[in-house]
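Step one of this worksheet: look at the structure below.
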């Protein structure tokens, strides 16, 4: 019996919790929202409560996105009557009216909605659509509310919200801009649906119409560019009860809104998770032809003409003097007046934004023939057209009086303009006169024109075929069995196709800029998103890199390699079409202080493992062995689930059989990721990619760039810093701060260990990618790593105390490094007699790798003890060594003698036997040796 009170108490608490949890999106008549209270929609999409915008000092009641920062408000209740303090109270009464009161119980705002009788079941509920609805909780539903905020939009149109007029209630749902970003009160700009004649949208500034959007043609708004999208469906509803536009999101989890800004700019904004911001997707066209009625009646505006305004065919300026002076507002008039009746005819014109339809009449069931007859028997009818362009055209739209606000566009719908019969006859007779001349001349010049056309066509086709043929040959070679199987599976896209998919390479579709050129986002007809790399004229890469990329990856199929979908080589345009990666490249997230938190340890370890599997496929499992040569964070793309995809194969090299490497004098790659044997001798192999992978692993773990990191204590780069921490059993100190809570310690330590194995100085010490994949996938014992490249331990013996004192110097010098087949001096210093007045420089650069070693902070004694004089002399020659010792404080004469002596010690044969070299640092380590960017192919 004693347990019964406890059970009763627990039941009461549970009931209370359930009641609270079920009411978080709802306000009842006996509840109220005060300044610190909010309600949240069931799916936590939107939040309703009090807020202060920007730097404002006022409080407003509104709705905003729950999980988006900074706060994005979509609806404001009291935009004209703000609260001056935090005393506001919001409630709903039993008559169904929403009330906002201040601390003095004075009414600040109300919904002006009420029932004929009181009802205790009235509630206000915030939906996941962003709609605040008032309804009877017992008898009505969310879809049949007594009142809803969607009927009273502010500056934002959300999915499912109607934009237009309800003929029954008289409600006209329009958008009104904020006065400023900090002031939600009604601004100067209003966009509304005008239902006079056939409905169309307008924007006004104050009382002056500034923009007009064409009528709905069944597919889109006439005169606006068509932009295919997989995001939303747009529709227009017109019946006896209402006329409105509406859009619905295809994916309801996607965030998109239509907004009119304080300056009148109307645009659709989509939420981009990777950048954590709103991205413009489509904006209203605002150009020189946008202002309403710029060219007056029967005047047409063309942004590509000068002047932009011209009279339509059969019309002339009404006021020629003003027209020629640039004042086109007077418009145009007919050259020949209409006579009405059967004598008048119609001229079909396409490529126009339809005129203002406020003085129009429409019938949705008539066909075009009936429409023509209806217009012809009404002398006031000046033009006609189909209402709907679908299924060959349907419906009838008639214009009366003058045609206003016309501009040229990409529309292919015909507008039939009424013309005087004499005007039509004049056009025809003029055509007949021209035809006689053409017939007379045609017999003599026709053959010549045809021949010229054929020649031009053949040359164009030959040029195009030459480029395309080269590419096709590229696609086939090395991927066929003895040349027998010549099928090419990679689709070819025409320039017009790619242009359409990217909305004519719109700036809104541009994703970024790379060495190849700009990259654009596009949408295929089946809804797939693509990324288009377009070779620019100023590109540092060219046709060779393009062919190399196609050659390397067009048949590679692996989940961790970006997929090439096709290419375009037409009209001097060279483009590659890839699958689109919504999270862009790894570096944009990894090295960003705010966005790096998106990558917890599970994501990072999955990225490391995925890159390893992708490289293993390239090195071992693909039909040809491929060395990437430019593996870096910027070339790792991330899909929706943060799965890595290796991209950018423009610098890759392919090998057949058992070949695993080669050498070159043209060193390419990116600073910080190039191994020493490649930077110095031009030797690259699969182990070069392994080195780059190791750098990448350490960057992923630490969240820091190798080439930008410098240890304050030792001056180490990221590799040296990781090595010191590893030796001191402090590897966890390398871990990025954003990973501390999510990291799995054993996996982190193992990843750092593997990264250090991959960046060892000698290629033969580095593991293969097959070994790396195995090491990442099990808990076996790992070999001990040796010191990484570009790192040398201090020589303790040489650092023994000495009685001779030297002053510290800071050396910044450039070394011209040559291979074993090209041993030459490094040029002379600049200024100061050509020996001691500048850094080592000049000299020939053929076949050389120009290396910069910087930030040595060491004593002269340390330099003399730690640098191998014979090696330096072999690389630099007499003058270079003289300059080096002169900078260290030696007298000029002594420096010259040392230079001569050192040069005598090193012969070309000795240099050739030196193998790969290292400049050891005594007590302070140099930063990574970086290539001077005069070499083609090197990247920042």
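The values are calculated or read from the model by the stated rules, or taken from the named source; none is laboratory data. Because the structure is a prediction, the values reported are computed rather than measured. Here Cβ is always computed from backbone atoms with ideal geometry, including for glycine, and neighbour counts include all displayed protein chains.
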Open item on the list: Would you confirm whether or not region 682-701 contains a residue that is part of a helix (DSSP H, G or I), surrounded by fewer than 21 Cβ atoms within 10 Å (Cβ to Cβ), in contact (Cβ under 8 Å) with a residue 12 or more places away in the chain and in contact with a strand residue (DSSP E or B) (Cβ under 8 Å, 6 or more places away or on another chain)?
Closed with: no
- [ ] Please indicate, with yes or no, whether at least one residue in region 331-348 is free of Cβ contacts under 8 Å to residues at least 40 places away in the same chain, within 22 Å of residue 412 (Cβ to Cβ) and part of a strand (DSSP E or B).
- [x] no
TODO: Tell me which residues, restricted to region 276-293, are free of Cβ contacts under 8 Å to residues at least 40 places away in the same chain and part of a loop (DSSP other than H, G, I, E, B).
DONE: 287, 288
Open item on the list: Step by step: first the residues of region 240-255, then only those that are assigned to a loop (DSSP other than H, G, I, E, B) and under 27 Å from the mean Cα position of the chain (by Cα), then the one that is farthest from residue 68 (Cα to Cα). Which residue is that?
Closed with: 250
TODO: Kindly indicate whether any position in region 25-33 is assigned to a loop (DSSP other than H, G, I, E, B), surrounded by 14 or more Cβ atoms within 10 Å (Cβ to Cβ) and modelled with pLDDT of 95 or more.
DONE: no
- [ ] Go through (1) part of a loop (DSSP other than H, G, I, E, B); (2) within 29 Å of residue 385 (Cβ to Cβ) one by one and return the number of the condition residue 258 breaks.
- [x] (1)
- [ ] Go through the residues of region 599-615 one by one and say whether even a single one is part of a loop (DSSP other than H, G, I, E, B) and either more than 23 Å from residue 490 (Cα to Cα) or in contact with a helix residue (DSSP H, G or I) (Cβ under 9 Å, 6 or more places away or on another chain) (or both).
- [x] yes
- [ ] Please enumerate the residues belonging to region 763-779 that are touching a helix residue (DSSP H, G or I) at 6+ places or on another chain (Cβ under 8 Å) and assigned to a loop (DSSP other than H, G, I, E, B).
- [x] 766, 767, 768, 779
- [ ] Working only within region 377-413, note down all residues that are crowded, with 18+ Cβ neighbours inside 10 Å, in contact with a helix residue (DSSP H, G or I) (Cβ under 9 Å, 6 or more places away or on another chain) and either without any contact (Cβ under 8 Å) to a residue 12 or more places away in the chain or closer than 22 Å to residue 299 by Cβ (or both).
- [x] 381, 382, 383, 384, 385, 397, 398, 399
Open item on the list: For the structure I just gave you, tell me whether residue 237 is touching a strand residue (DSSP E or B) at 6+ places or on another chain (Cβ under 7 Å), assigned to a strand (DSSP E or B) and surrounded by fewer than 16 Cβ atoms within 10 Å (Cβ to Cβ).
Closed with: yes
TODO: Look through region 116-128, keep the residues that are outside any strand (DSSP E or B) and touching a strand residue (DSSP E or B) at 6+ places or on another chain (Cβ under 8 Å), and return whichever of them is surrounded by the most Cβ atoms within 10 Å (Cβ to Cβ).
DONE: 127
- [ ] Of all residues in region 511-532, count the ones that are under 27 Å from residue 670 (Cβ atoms) and at pLDDT below 90.
- [x] 8
- [ ] Report yes if residue 424 is in contact with a strand residue (DSSP E or B) (Cβ under 9 Å, 6 or more places away or on another chain), buried (at least 16 other Cβ atoms within 10 Å of the Cβ) and at pLDDT 95 or above, otherwise no.
- [x] no
Task: Residues within region 498-534 that are closer than 16 Å to residue 579 by Cα and either more than 13 Å from the chain's Cα centre (by Cα) or in a strand (DSSP E or B) (or both), tallied - done: 22
- [ ] Identify the residue in region 155-206 that is within 21 Å of residue 55 (Cβ to Cβ) and assigned to a loop (DSSP other than H, G, I, E, B) and, among all such residues, is modelled with the highest pLDDT.
- [x] 155
Task: Selected residue [in a loop (DSSP other than H, G, I, E, B) and under 25 Å from the mean Cα position of the chain (by Cα)] from 565, 576, 631, 637 - done: 631
Open item on the list: Can you tell me which condition residue 287 does not meet? The list is (1) loosely packed, with under 15 Cβ neighbours inside 10 Å; (2) within 19 Å of residue 204 (Cβ to Cβ); (3) in contact with a strand residue (DSSP E or B) (Cβ under 7 Å, 6 or more places away or on another chain), and all the others hold.
Closed with: (3)
Task: Subset of region 579-589 [assigned to a loop (DSSP other than H, G, I, E, B) and touching a helix residue (DSSP H, G or I) at 6+ places or on another chain (Cβ under 9 Å)] - done: 583
Open item on the list: So, residue 492, is that one at pLDDT below 90, touching a strand residue (DSSP E or B) at 6+ places or on another chain (Cβ under 6 Å) and either farther than 23 Å from residue 632 by Cβ or buried (at least 19 other Cβ atoms within 10 Å of the Cβ) (or both) or not?
Closed with: no
Task: Exclusive hit being under 18 Å from residue 128 (Cα atoms), without any contact (Cβ under 8 Å) to a residue 24 or more places away in the chain and outside any loop (DSSP other than H, G, I, E, B), set 75, 64 - done: 64
- [ ] Filter region 733-744 down to the residues that are touching a helix residue (DSSP H, G or I) at 6+ places or on another chain (Cβ under 7 Å) and free of Cβ contacts under 8 Å to residues at least 60 places away in the same chain, then identify the one that is nearest to residue 722 (Cα to Cα).
- [x] 734
TODO: Might you let me know whether region 603-614 holds any residue that is closer than 30 Å to residue 70 by Cβ and in contact (Cβ under 8 Å) with a residue 60 or more places away in the chain?
DONE: yes
TODO: For residues that are surrounded by 16 or more Cβ atoms within 10 Å (Cβ to Cβ) and assigned to a loop (DSSP other than H, G, I, E, B), scanning just region 34-55, find the one that is farthest from the chain's Cα centre (by Cα).
DONE: 35
TODO: Identify the single condition in (1) within 30 Å of residue 274 (Cβ to Cβ); (2) in contact (Cβ under 8 Å) with a residue 60 or more places away in the chain; (3) out of contact with any helix residue (DSSP H, G or I) (no Cβ under 6 Å at 6 or more places or on another chain) that residue 70 does not satisfy, given that it satisfies every other one.
DONE: (2)
Open item on the list: Being buried (at least 19 other Cβ atoms within 10 Å of the Cβ) and in contact with a helix residue (DSSP H, G or I) (Cβ under 9 Å, 6 or more places away or on another chain): is that true of residue 211 here?
Closed with: no
Open item on the list: Here is a list: 196, 131, 172, 137. Which entry is more than 18 Å from residue 62 (Cα to Cα) and under 39 Å from the mean Cα position of the chain (by Cα)?
Closed with: 172
TODO: Considering every residue within region 86-95, establish whether at least one is closer than 20 Å to residue 155 by Cβ and touching a strand residue (DSSP E or B) at 6+ places or on another chain (Cβ under 9 Å).
DONE: no
